[in-house]
Amino acid sequence: LFNWVKPNKSMAYVYYSGHGAPGSKNGGALLAPANATADSIDLTGYPLATLYENLGRLPAKSVTVVLEACFSGLTQAGWLSPKASGISVSYRPPQIPKNLTVITAGAADQTASWKKDESNSLFTSYFLKGMFGEADKAPYGNKDGKVSYPELGRYLDGTLTYDARRNYGRDQKAQIVVGRGR
């Protein structure tokens, strides 16, 4: 990606769809490969902090990271820690560099929901609709032909958050965080 960025002109977008998990050693968030297990996640997972740090070094005008993942350790096939009882896992979100904006499918302690037909996730479905203009329409936006982060946030609150609560009985609130760090 570094070789493709035009300094102070390029706007880079990184979209990750997959699983995440908290690391057992330092509590940091890890992007999980398809064959991850609780025993191997610290070796095979990719630290979210490393991703943010590396993307923060890009000389781009802006970098937006969209994470269609939760970091609960829960996958479609079940928990990364099978045959365990009474576990509760959480992670410490990494600091976001100042030139990054991160949009996540939910808060750190929430599970990302999928549509009932499993065609894609609730977040991806609503994120794409919002970015294609639904978030700029009333009652979420100002109809100026541009989707701003505040408009997208209001749209996701009114659609994704409602759908997850109504159809799955769980909280899922997309997060939009503009980096302030370093």
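The values are calculated or read from the model by the stated rules, or taken from the named source; none is laboratory data. What you see is a predicted model, and the numbers here were worked out from it, not measured in a lab. When we count neighbours, we look across all protein chains shown, and the Cβ atoms used for this are built from the backbone with ideal geometry, even at glycine. All accessible areas refer to the heavy atoms of the entire protein, side chains included, with ligands and DNA or RNA removed. Shrake-Rupley method; radii C 1.70, N 1.55, O 1.52, S 1.80 Å.
Computed values, structure above
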| read-out | value |
| --- | --- |
| Which of Glu151, Glu118, Glu53 is most accessible, then next, and so on - probe 1.4 Å | Glu118, Glu53, Glu151 |
| Calculated diffusion of the stretch 114-182, Stokes-Einstein form, Kirkwood radius summed over Cα pairs, 20 °C and 1.002 mPa s, µm²/s | 170 |
| Aspartates and glutamates with Cα under 20 Å of Lys98, excluding same-chain neighbours fewer than 8 positions away | Glu53 |
| Selection of trypsin sites (Lys or Arg not before Pro), the stretch 101-140, meeting DSSP coil and at most 15 other Cβ within 10 Å | Lys115, Lys116, Lys137 |
| Listed residues Val102, Val147 arranged by accessible area, highest first, probe 1.4 Å | Val147, Val102 |
| Stretch gain in nm, segment Thr37-Arg165, where the contour uses 0.36 nm per residue and the Cα spacing is subtracted | 43.2 nm |
| The stretch 142-182 - Rg (one decimal) and Dmax (whole number), Cα, Å | 13.0, 40 |
| Amide H contacts under 5 Å for Gln95, placed H, 5+ residues apart | none |
| Carbon plus sulfur fraction of accessible area for the stretch 107-182, probe 1.4 Å, in percent | 50 |
| Residue-level accessible surface for Asp39, protein heavy atoms, 1.4 Å, Å² | 150 |
| Accessible area in the full protein assembly, largest first, 1.4 Å probe, for Arg180, Arg165, Arg170 | Arg180, Arg165, Arg170 |
| Karplus (6.51, -1.76, 1.60) ³J(HN,Hα), θ = phi - 60°, over the stretch 45-50, in Hz, Gly and Pro reported as x | x, 9, x, 4, 4, 5 |
| For the stretch 106-151: accessible area per residue (Å², 1.4 Å) | 60 |
